[in-house]
Amino acid sequence: MNYLAHDIEKKWQHYWQNNHTFEASNDSEKEKYYILVEFPYPSGSGLHVGHVRSYTALDAYARMKRMQGFNVLFPMGWDAFGAPAEQYAIKNHIHPKEAVQENIKTFKGQIQDLGISFDWSREFATTDPEYYKWTQWQFLQFYKHNMAYKTRKDINWCPNCKTGLSNEDASGGVCERCGTKVVQKEKEQWMLRMSDYAEDLLTGLDDTKFADRIKLGQINWIGKSKGAEVDFKVADTDQLLTVYTTRPDTLFGVTFMVVAPEHPIIETLKDKITNMDEVVKYQAFAKSKTEFERTELAKDKTGVQLKGLMAINPLNNTKIPIWISDYVMMSYGTGAIMAVPAHDDRDYEFAKKFNIPIIQVIAKSFTGTGDSKMRADKPVTNREVVNAIIKHPTENKYLCVRNKKFNWLNFVMGGIEEGETPIRAGIREVIEETGYNDITIEKEMEFIYFDNFYAAHKDVNRHITCYTVIGELNSLNTVERSEEEAALADVEWVAEDELLEKLTTEAHRYDASRLINGEGALTDEGVHINSDFVNELTKQEAIDTMLAYLDKNKLGRAKTNYRLQDWIFSRQRFWGEPIPLIHCDDCGWVPVPEEELPVLLPDVAEYEPTDDGESPLANITEWVNTPCPKCGKMAKRETDTMPNWAGSSWYFLRYMNAHNASAFVSPEALKYWGKVNWYNGGMEHTTRHLLYARFWNQFLYNIGLVPNKEPFEIRVSHGMILGSNGEKMSKSRGNVINPDDIVKEMGADALRTYEMFIGDYEKDAAWSTNGLKGCKKFLDRIWRIQEKLNDKDGYTNEILVNKTIKKVTNDLANMKYNTAVSALMIMLNEYEKQDSITKDDLRILVHLLNPIAPHITEEINEVSALGKPLCESTWPSYDDSKTIDDSYEMVVQVNGKVRGKIEVATDTNKEEMESLAKGLDNVKVHTANKEIIKIIVVPKKLVNIVVK
RNA sequence: GCGAGUGUGGCGAAAUUGGCAGACGCACUAGACUUAGGAUCUAGCGCCGAAAGGCAUGGGGGUUCAAGUCCCUUCACUCGCACCA
């Protein structure tokens, strides 16, 4: 008995099609379930094996859900606007819509060959005028609610694609599509006020069940940051320079200000700036850098001081210089910062480069550990001390002393006496404690710290303010130490790489790490110093206190910023939805009346983007010139088109009611289908597309057009299918697997089964033709198992059946396809071991495998006359009490090592388990002459005998 | 730099959440059946060892009767974000 995969696959695909098996009803008594997989861009290269993975996965889920009695909506369509179709059209001088139609035909054929149970009655493409009519209509809703505006601003411009890009499209400073370096170009652009929704997009995540990594991606992209705006007066002017900072508590540490090169204050106060030439030159320099260079070549700080201007610290009226530098971005915060070089890496680097003073306002504070923790019953003494790090004259070792009584090993340390500098004190202490007297100390570490501890040698608590000095011995010359000192401690030289493990005191190890790693800004938490009314407070206390102070004195205010910016919604390309607005010299921007929608893309011969940054549509005068809908005077159409994210921002709504000609979707359909229950897509879309779609939906919700604020309940993303060499599949790498070839050679079921078995669904996986063959073999064995059918009823192995139903049901619902397939392989292996199997046995197997391999299972079901077609059948249920075997292999361990196994009844009690375990010969061997300390018995698992 | 994730046989991977590490599959080895095998079946298959046994989940340390799983530390790779104040 043999079968031809191709024939039976075609047969059942026709059956499903002719019977409208997978068409969802908008009017059903059943509970609804909406499963969505991202619709593809129908590229010319056809379906990728990666598509097969996610489509099969969601198909399997949809098929199971249908059998479980749900009214499942599982639609498919085409995201067909976009550059490749346009490129193709430019090259071949045909209208992009023709290329798109051709590609859709290919894609659809390929998908249908796979037997994916999409509801094709709801199919559409974003390029259909019946669809983009409603995309335009929704844009007008944005416009009417003041959510769309046109502005002149520097935008990301791709010189190759000749179009503006959103920030999301230009991440990394290169064009998402072609990889060309993006440049800044000033242009008028339509924008959507997405930043207004930043908070809602953030909090809305709580109403979703997205995977954590996806939520995190969204959270990072929105980039919420809490801080404050602080107003600095500019001396001798009436101007305020407002900065954004997350650390208002460090305001006493500000030693300079930095504004972005484009900051308007430069223009406003240019008459006061005495070095305008230099400033203008720097502005030009900054602008000439692409975004890429600005970030990638970030290592070196550049900048110019605005001479003639000084800002005034609002707390203490200190005058502070103002600089411009491109490390401050106009697009974030206020485009100006207060620089606190002591506690910010970038400010530190800048201050070092331009020799600007540094004021420490936070001191690291240690609290002692173990025996050195402060004791409540002892007095506290305050001291100023010096900590001397002294290098050996010839070797890479440092001078340490070991306290004989307590065995502490530390750097030389001692009190600073009245009128003494830390350096003088350091030299004196080294001589006193070690006898070395040929010392040079030139450097004092930038930052002091506090150490609070119980000083056992003096039986007091100490609060010390520590100054660290760094020096070296010129020679090993010594003088005699006092007897007292010599009795107290030994001198010890410690190699640099051993300091961190050998030093006793945490504070000294900290000093050592700064010595080894070099000094930089002190960004750790600590206690405030040099800061008047926030002194001695911790970070959060100081922030709160400072905010209250600023607020009370009207010097600033709490402020939350977001990385998320408004959505640049214009593209200067032909192949996109025309923005349905008309510009009239008298009336300004006027929306195209709704009854005139859609604004159709004209049929023309040329689609090339233009060098001057205008859309190719701008050249089509008969299309551009049109009467103003308001006053009738000749006016001009907007020639920019929408980004290709527009159509995909609401397609999930359209599926609910795909061919509605009078509304984007009917309220009834919206109400019935509600949220997408399960949305699958690529990891590459978890920031952009997912954010745009959520924003779009939240807007529609706010104006009362959709019933749910969040459109998607669960979002999962699949891993990529890589080439057999573990690299991304690409023509240039020559590792592309074409699904058509596999379907032809092995059949769709084998391909589907293999891709489900390949590994963790959410992880990338490399293609393996051998693995595929294994799955094909599995299906062949399934076919042959029919030869073992007997005419008995019931299950040959009831436990196996119930176990497998449970496993497969749970695995399919949790995207664990690989283990679901494995459970079915185990079931088949068991069936093969038996002399014969019943129809009931086989019926379960084909039901459980059907979601993954739908064709062969339908055929077996029919050939062996097991019942009505599986697609009309019900999902098997299991009895939990019959998933447990009545016996198991009890493991017996001695000291955690397996020494024996016995088959015992599942209901064996603890006492019996214990005595059975002790009775094993091998256990006796390992426990002989030993004392049994305890016995751990884990019911239904093992016995562990602990002996000594 | 920050954030997240991953690391288990020759390979893809499992491991009811702390309880026999390596299920299932691939590859491989031996055998059977065959005119033939890229078919099918049977057996074997982490490493060392003749065996008893020992060693094994990137490395090191810890908690525990028991650790792939928990804690600390370290290394490597992958992916996001990146002068975001």
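The values are calculated or read from the model by the stated rules, or taken from the named source; none is laboratory data. On a predicted model such as this, the values are computed, not experimentally measured, just so you know. No Cβ is skipped: glycine too gets one built from the backbone with ideal geometry, and neighbour counts run over all protein chains shown. For accessibility, only protein heavy atoms count, side chains too; no ligands or nucleic acids. Shrake-Rupley method; radii C 1.70, N 1.55, O 1.52, S 1.80 Å.
Criterion first (over 21 Å from A:Lys364 (Cα atoms) and part of a strand (DSSP E or B)) does A:Ile427 satisfy it?
Values: over 21 Å from A:Lys364 (Cα atoms): yes; part of a strand (DSSP E or B): no.
Here the answer is no, as A:Ile427 does not meet what is asked.
I'd like the full set of residues that are open to solvent by 60 Å² or more (accessible area, probe 1.4 Å) and either touching a helix residue (DSSP H, G or I) at 6+ places or on another chain (Cβ under 8 Å) or within 17 Å of A:Arg571 (Cβ to Cβ) (or both), limited to region A:138-152.
Let us first name the residues in region A:138-152 that are open to solvent by 60 Å² or more (accessible area, probe 1.4 Å), namely A:144-146, A:152.
Matches in region A:138-152: A:His145, A:Arg152.
Among the residues of region A:801-822, are any surrounded by 15 or more Cβ atoms within 10 Å (Cβ to Cβ), over 15 Å from A:Asp885 (Cβ atoms) and aromatic (Phe, Trp, Tyr)?
Within region A:801-822, one or more residues are surrounded by 15 or more Cβ atoms within 10 Å (Cβ to Cβ), over 15 Å from A:Asp885 (Cβ atoms) and aromatic (Phe, Trp, Tyr).
Being crowded, with 21+ Cβ neighbours inside 10 Å and under 24 Å from A:Lys30 (Cβ atoms) narrows it down to one residue among A:Trp696, A:Trp678; which is it? Before the answer, list the steps.
On the way: A:Trp696 fails: under 24 Å from A:Lys30 (Cβ atoms).
Sole residue among the options that is crowded, with 21+ Cβ neighbours inside 10 Å and under 24 Å from A:Lys30 (Cβ atoms): A:Trp678.
Quick check on region A:309-334: of everything there that is among the small types (Gly, Ala, Ser) and modelled with pLDDT under 95, which residue is nearest to RNA strand B (Cβ to nearest atom)?
A:Gly333
Restricting attention to region A:635-656, report how many residues are at pLDDT below 95 and within 22 Å of A:Phe70 (Cα to Cα).
0
For (1) acidic (Asp, Glu); (2) at pLDDT below 95; (3) touching a Leu at 6+ places or on another chain (Cβ under 9 Å); (4) on the phi < 0 side of the Ramachandran plot, each residue gets a yes or a no:
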{"residue": "A:Val590", "(1), (2), (3), (4)": "no, no, yes, yes"}
{"residue": "A:Glu594", "(1), (2), (3), (4)": "yes, yes, yes, yes"}
{"residue": "A:Glu614", "(1), (2), (3), (4)": "yes, yes, no, yes"}
{"residue": "A:Trp623", "(1), (2), (3), (4)": "no, yes, yes, yes"}
{"residue": "A:Asn660", "(1), (2), (3), (4)": "no, no, no, yes"}
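May I ask you to list pairs of residues, at least six apart or on different chains, whose Cβ atoms are under 8 Å apart, with the first in region A:933-948 being more than 14 Å from A:Leu916 (Cβ to Cβ) and the second being near RNA strand B (Cβ under 9 Å from one of its atoms) and modelled with pLDDT under 85?
Hits for this filter: A:Val947/A:His926.
Tell me, please, whether a residue that is in a helix (DSSP H, G or I), within 8 Å of RNA strand B (Cβ to nearest atom), among the acidic types (Asp, Glu) and closer than 14 Å to A:Ala5 by Cβ can be found in region A:769-787.
Among the residues of region A:769-787, at least one is in a helix (DSSP H, G or I), within 8 Å of RNA strand B (Cβ to nearest atom), among the acidic types (Asp, Glu) and closer than 14 Å to A:Ala5 by Cβ, which makes the answer yes.
When residues of region A:740-754 are filtered for being under 30 Å from the mean Cα position of the chain (by Cα) and either surrounded by fewer than 20 Cβ atoms within 10 Å (Cβ to Cβ) or away from RNA strand B (no atom under 11 Å from the Cβ) (or both), how many remain?
1
Scan region A:934-948 for residues that are part of a strand (DSSP E or B) and within 8 Å of RNA strand B (Cβ to nearest atom) and jot them down.
To start, the set of residues in region A:934-948 that are part of a strand (DSSP E or B) comprises A:934-938, A:942-947.
Matches in region A:934-948: A:Lys934, A:Ile936, A:Val938, A:Leu942, A:Asn944, A:Val946.
Do we find a residue being in a helix (DSSP H, G or I), polar (S, T, N, Q) and out of contact with any Gly (no Cβ under 8 Å at 6 or more places or on another chain) anywhere in region A:543-551?
Yes: region A:543-551 contains one or more residues that are in a helix (DSSP H, G or I), polar (S, T, N, Q) and out of contact with any Gly (no Cβ under 8 Å at 6 or more places or on another chain).
Given the criteria more than 8 Å from RNA strand B (Cβ to nearest atom) and either out of contact with any helix residue (DSSP H, G or I) (no Cβ under 6 Å at 6 or more places or on another chain) or of a type in the set (Gly, Ala, Ser) (or both), does A:Asp841 qualify?
yes
Condition (residue is open to solvent by less than 20 Å² (accessible area, probe 1.4 Å), assigned to a strand (DSSP E or B), touching a strand residue (DSSP E or B) at 6+ places or on another chain (Cβ under 9 Å) and of a type in the set (A, V, I, L, M, F, W, C)) applied to region A:702-713: is it met by at least one residue?
Among the residues of region A:702-713, at least one is open to solvent by less than 20 Å² (accessible area, probe 1.4 Å), assigned to a strand (DSSP E or B), touching a strand residue (DSSP E or B) at 6+ places or on another chain (Cβ under 9 Å) and of a type in the set (A, V, I, L, M, F, W, C), which makes the answer yes.
Just to verify a result, which residue in region A:238-256, among those that are in contact (Cβ under 8 Å) with a residue 40 or more places away in the chain and open to solvent by 30 Å² or more (accessible area, probe 1.4 Å), is farthest from RNA strand B (Cβ to nearest atom)?
A:Thr242
Condition first: within 7 Å of RNA strand B (Cβ to nearest atom), surrounded by fewer than 22 Cβ atoms within 10 Å (Cβ to Cβ) and either over 22 Å from A:Asp231 (Cα atoms) or of a type outside the set (D, E, K, R) (or both). Now tell me which residues in region A:335-348 satisfy that.
A:Gly335
Among A:Ile856, A:Ile860, A:Ile844, which is buried (at least 20 other Cβ atoms within 10 Å of the Cβ), assigned to a helix (DSSP H, G or I) and touching a Pro at 6+ places or on another chain (Cβ under 9 Å)?
On the way: A:Ile856 fails: touching a Pro at 6+ places or on another chain (Cβ under 9 Å); A:Ile860 fails: touching a Pro at 6+ places or on another chain (Cβ under 9 Å).
Exactly one of A:Ile856, A:Ile860, A:Ile844 is buried (at least 20 other Cβ atoms within 10 Å of the Cβ), assigned to a helix (DSSP H, G or I) and touching a Pro at 6+ places or on another chain (Cβ under 9 Å), namely A:Ile844.
Evaluate region A:808-816: report whether one residue or more is charged (D, E, K, R) and near RNA strand B (Cβ under 10 Å from one of its atoms).
yes
Would region A:870-891 turn up any residue that is in contact with a Ser or Thr (Cβ under 6 Å, 6 or more places away or on another chain), outside any helix (DSSP H, G or I) and of a type in the set (Val, Ile, Thr)?
Looking through region A:870-891, none of the residues is in contact with a Ser or Thr (Cβ under 6 Å, 6 or more places away or on another chain), outside any helix (DSSP H, G or I) and of a type in the set (Val, Ile, Thr).
Would you call A:Thr126 touching a strand residue (DSSP E or B) at 6+ places or on another chain (Cβ under 8 Å) and either more than 22 Å from A:Asn708 (Cα to Cα) or surrounded by 16 or more Cβ atoms within 10 Å (Cβ to Cβ) (or both)?
It is true that A:Thr126 is touching a strand residue (DSSP E or B) at 6+ places or on another chain (Cβ under 8 Å) and either more than 22 Å from A:Asn708 (Cα to Cα) or surrounded by 16 or more Cβ atoms within 10 Å (Cβ to Cβ) (or both).
Please verify whether A:Lys185 is open to solvent by 20 Å² or more (accessible area, probe 1.4 Å), touching a Phe, Trp or Tyr at 6+ places or on another chain (Cβ under 8 Å) and within 15 Å of RNA strand B (Cβ to nearest atom), treating the condition exactly as stated.
Values: open to solvent by 20 Å² or more (accessible area, probe 1.4 Å): yes; touching a Phe, Trp or Tyr at 6+ places or on another chain (Cβ under 8 Å): yes; within 15 Å of RNA strand B (Cβ to nearest atom): no.
When the stated conditions are applied, A:Lys185 does not pass them.
Residue by residue through region A:895-948, note down the ones that are surrounded by 12 or more Cβ atoms within 10 Å (Cβ to Cβ), among the β-branched types (Val, Ile, Thr), modelled with pLDDT of 85 or more and over 20 Å from A:Asp885 (Cα atoms).
A:Val898, A:Ile932, A:Ile935, A:Ile936, A:Ile945, A:Val946, A:Val947
Go through region A:622-657 and count every residue that is in a loop (DSSP other than H, G, I, E, B), open to solvent by less than 10 Å² (accessible area, probe 1.4 Å) and not charged (D, E, K, R).
The qualifying residues number 5.
Out of the residues in region A:506-527 that are within 20 Å of A:Ala339 (Cα to Cα), within 16 Å of RNA strand B (Cβ to nearest atom) and open to solvent by less than 40 Å² (accessible area, probe 1.4 Å), which is modelled with the lowest pLDDT?
If we take residues in region A:506-527 being within 20 Å of A:Ala339 (Cα to Cα), within 16 Å of RNA strand B (Cβ to nearest atom) and open to solvent by less than 40 Å² (accessible area, probe 1.4 Å), then A:Gly520 is modelled with the lowest pLDDT.
Check region A:200-213 and report whether any residue there is within 8 Å of RNA strand B (Cβ to nearest atom) and either open to solvent by 20 Å² or more (accessible area, probe 1.4 Å) or on the phi > 0 side of the Ramachandran plot (or both). Quick ask: steps written out before the conclusion?
Applying the first criterion (within 8 Å of RNA strand B (Cβ to nearest atom)) to region A:200-213 yields A:212-213.
Checking which are either open to solvent by 20 Å² or more (accessible area, probe 1.4 Å) or on the phi > 0 side of the Ramachandran plot (or both) leaves us with A:212-213.
Taking every residue of region A:200-213 in turn, at least one turns out to be within 8 Å of RNA strand B (Cβ to nearest atom) and either open to solvent by 20 Å² or more (accessible area, probe 1.4 Å) or on the phi > 0 side of the Ramachandran plot (or both).
Table: residues versus (1) more than 11 Å from RNA strand B (Cβ to nearest atom); (2) among the acidic types (Asp, Glu); (3) touching a helix residue (DSSP H, G or I) at 6+ places or on another chain (Cβ under 6 Å).
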residue	(1), (2), (3)
A:Leu866	yes, no, yes
A:Trp875	yes, no, yes
A:Tyr878	yes, no, yes
A:Lys882	yes, no, yes
A:Val891	no, no, no
A:Val898	no, no, no
A:Glu903	no, yes, no
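Looking at region A:375-414, which of its residues are assigned to a strand (DSSP E or B) and exposed (fewer than 13 other Cβ atoms within 10 Å of the Cβ)?
A:Val380, A:Thr381, A:Asn382
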